[in-house]
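Asker: First, the structure itself, so that you have it in front of you.
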Amino acid sequence: MADPGKSYSYKQAQLAEDWDAIVIGSGIGGLTAAAMLSVHGGKRVLVLERHYVAGGFTHSFHRPGYEWDVGLHYIGQVQDQRSAVRRAFDHITDGEVRWSAMPEVYDRAVIDGRIFDLTAGIERFREGMKQYFPSEGKSIDKYIRTVRAVNRVSGLYYAEKVIPAPAAALAGSLLRAPFLRWAKRTTLEVLENITANRELIGVLTAQWGDYGLPPSRSSFAIHATIAGHYFAGASYPVGGASTIAAAILPLIERGGGAVVTSAEVAEITCCEERATGVRMSDGREFRAPIVISDAGATNTFERLLPRDIPVLGALRRELGTLPSSTAHLSLYVGLNETDSTLGLTGTNLWVYPGFDHDENLQRFAANQESPLPVVYMSFPSSKDPDFSRRHPGKSTIEVITLLPYDAFERWGGQRWKHRGEEYDLLKQQLAARLRHELERQVPAVAGHIDYAELSTPVSTRHFMNYGRGEIYGIASTPARYAIRELGARTPIRNLYLTGQDVASPGIVGAMYGGVISASVALGKNLMGAVSKPLPQS
């Protein structure tokens, strides 16, 4: 195959039947696993992506004059070249992705009309919170200590997922225990033990959309992971999210591998509880001694594997008790004016009708005429210093809200662009509400909106193949973290999971899910390797 860094359509690609490894799905978890297998294992890896573009939630899409990212809005810990996250990104992209730091105020929460800025730098964050809540100084200090304490012990929890199975059986409980002490409690439970101030709790959890569960339902482990991730601020990839996948593909291809799009896997083939390859939707089969699924745990065990495998019974029952994460609407907005002219600086906005996020969500679930539970506004063109070169005189915004999939479930089985007038009318109404909120919060955009397109939970279901349009895989409830079997290893020999269900939600969590998966598949701990430069070929 020619053109390094390019994926190929399944119908056009000339593919061998036998490979060293097969990866189902090209989200960052799948691409990371494939790249690590190629670089550190010398494997020829075939990556099969059902969508017509590779990258999962790191891909971008275009309309005339505009482009938007579908899932990446900001990343923490990459502005420091010495951080583990930055080194991991540099490792899997061969240092080809550049990062642009966001403004010092990277997130701004607007709650019941009041503004609260989240400022880069832990001491600036601390002082900012104390200015908003001057009587809560001790509680704010305790909150920061608690978040940092959870993140200090998280490495042991994830190490247990990497080490050999016999060692994990012996020492796993001890490694997991310090983290599970926090993971088994909800965010609300922990914060209520820190402060009785409901408004402070509302501000401290204003980023709950980054992991998709309000305080009473989310594990404090995921809250601490996300909060700590952004203490030092945030950055954005220069050139947009698609530069990440484009930089990973050559590492897979150098090892003789290939990334193929429009390639739908119908089934993982097995022989005596051992994975042997995959069967495509057109009936063709590919074989490999390693099969890695980036399709999500539920898709993998419920849709891609035969029902008559007894060893999967217990795990399937446990997974059946876990809810999927949230669904969302995203309004992609194109503006016929530049960010600088409109005064758009890149600071994300989180807009809430009140400080009780659980109540906001419950009220909307019961009555969708009530205020939107959250509206998140991202300004990707203003975060990307290269955007003006690609699209001069233009700018873009993404306006997102979270909502239950139930509101769109009736259209889940219908074809894209053929869902009928009632669906189209509902989209128009919701798009108008999101646009109204955008113009209310950012009045400078009024009169400059040149293009707007709404994606719904069934759009996510169609393109990403998540059954309930979820964006973060399995919901990060306390029960999720208690299931020890939810990792890269599976009861099926030679079959491994990757992505955010292995580690934690989001782009960074999915990336580390890929590192864990490759580590287990190769029988070597690669967590240390991703903190170092790639070996020179």
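The values are calculated or read from the model by the stated rules, or taken from the named source; none is laboratory data. Note that the structure is predicted; figures quoted are calculated from it, not measured. Using ideal geometry, Cβ is built from the backbone for each residue, glycine included, and neighbour counts are taken over all protein chains shown. Quick note on the areas: whole protein, heavy atoms, side chains included, nothing else; ligands and nucleic acids left out. Shrake-Rupley method; radii C 1.70, N 1.55, O 1.52, S 1.80 Å.
Asker: How compact is region 241-371 by the rule of thumb for globular proteins, expressed as Cα Rg over 2.2 N^0.38 Å?
Answerer: So the Cα radius of gyration is 1.59 times the expected 2.2 N^0.38 Å.
Asker: I need the phi-derived Karplus couplings for region 338-355: 6.51 cos²θ - 1.76 cosθ + 1.60, θ = phi - 60°, integer Hz, Gly and Pro marked x.
Answerer: Here the 3J(HN,Hα) series is 7, 4, 4, 5, 7, x, 8, 10, x, 5, 6, 10, 10, 10, 10, x, x, 7 Hz.
Asker: Relative contact order of region 1-126: what whole-number percent is it, with Cα pairs under 8 angstrom and at least 6 residues apart?
Answerer: 14
Asker: Over the chain, average the accessible area per residue using a 1.4 Å probe and give it in Å², no decimals.
Answerer: For the chain, the solvent-accessible area averages 39 Å² per residue.
Asker: What relative contact order, as a whole-number percentage, does the chain give when Cα pairs under 8 Å and 6 or more residues apart are counted?
Answerer: Here the relative contact order equals 24 percent.
Asker: With a ≥ b ≥ c taken as the square roots of the eigenvalues of the C-alpha gyration tensor of region 416-480, please select rounded if a/c is under 1.5 and otherwise prolate if a/b is larger than b/c or oblate if it is not? Please list the in-between numbers first.
Answerer: Values: a/c = 2.77, a/b = 1.48, b/c = 1.87.
Verdict is oblate for region 416-480.
Asker: Give the calculated FRET efficiency between Cys271 and Arg389 to the nearest 0.05, with a Förster radius of 56 Å applied to their Cβ-Cβ distance.
Answerer: After rounding, the FRET efficiency stands at 0.60.
Asker: Something else: When the Karplus curve 6.51 cos²θ - 1.76 cosθ + 1.60 is applied with θ = phi - 60°, which whole-Hz ³J(HN,Hα) does each residue of region 276-288 get, with x for Gly and Pro?
Answerer: For region 276-288, the Karplus curve yields 10, x, 9, 10, 7, 5, 8, x, 5, 10, 10, 10, 6 Hz.
Asker: Heavy atoms only, probe 1.4 Å: what % of the accessible area of the chain goes to carbon and sulfur, would you let me know?
Answerer: Of the solvent-accessible surface of the chain, carbon and sulfur hold 50 percent.
Asker: Only bridges with both residues in the chain count here: give the DSSP antiparallel percent, nearest 5.
Answerer: The answer is about 70 percent antiparallel.
Asker: If you don't mind, there's one more thing I want to ask. Quick one: 3J(HN,Hα) in Hz for region 505-514, Karplus 6.51/-1.76/1.60 with θ = phi - 60°, rounded, Gly and Pro as x.
Answerer: Karplus-based 3J(HN,Hα) across region 505-514 equals x, x, 5, 5, x, 5, 4, 5, x, x Hz.
Asker: Going 7 Å from the Cα of Arg185 toward and past its Cβ, which residues in region 466-483 have a backbone nitrogen under 19 Å from where you end up?
Answerer: Correct set: 476-483.
Asker: OK, next. Measure up Lys394/Lys427; Lys11/Lys427; Lys130/Lys161 against 28 Å on the Cα-Cα distance and list the ones that go over.
Answerer: The pairs that break the limit, which is 28 Å between Cα atoms, are Lys11/Lys427; Lys130/Lys161.
Asker: What is the set of long-range amide H partners of Thr186 at a cut-off below 5 Å, with H atoms built 1.01 Å from backbone N?
Answerer: Phe220
Asker: Can you give me the distance in nm between label points at Ser100 and Leu156, each placed 7 Å from the Cα along the Cα-to-Cβ direction?
Answerer: The modelled label-to-label distance comes out at 4.2 nm.
Asker: (i) 60, 53, 48; (ii) 63, 62, 40; (iii) 65, 59, 46: which one is Cα extents along the principal axes in Å as calculated from this entry?
Answerer: (i)
Asker: So which aspartates and glutamates can Lys524 reach, going by Cα to Cα under 18 Å and dropping same-chain residues fewer than 8 places off?
Answerer: Asp20, Glu160
Asker: Also, I was wondering about something else. Which residues in region 310-347 have a backbone N closer than 17 Å to a point placed 7 Å from the Cα of Glu302 along the Cα-to-Cβ line?
Answerer: The answer is 312-328, whose backbone nitrogens lie closer than 17 Å to the label point.
Asker: Gap in Å between the Cα centre of region 349-391 and the Cα centre of region 7-70?
Answerer: Value for the Cα centre distance between the two parts: 30 Å.
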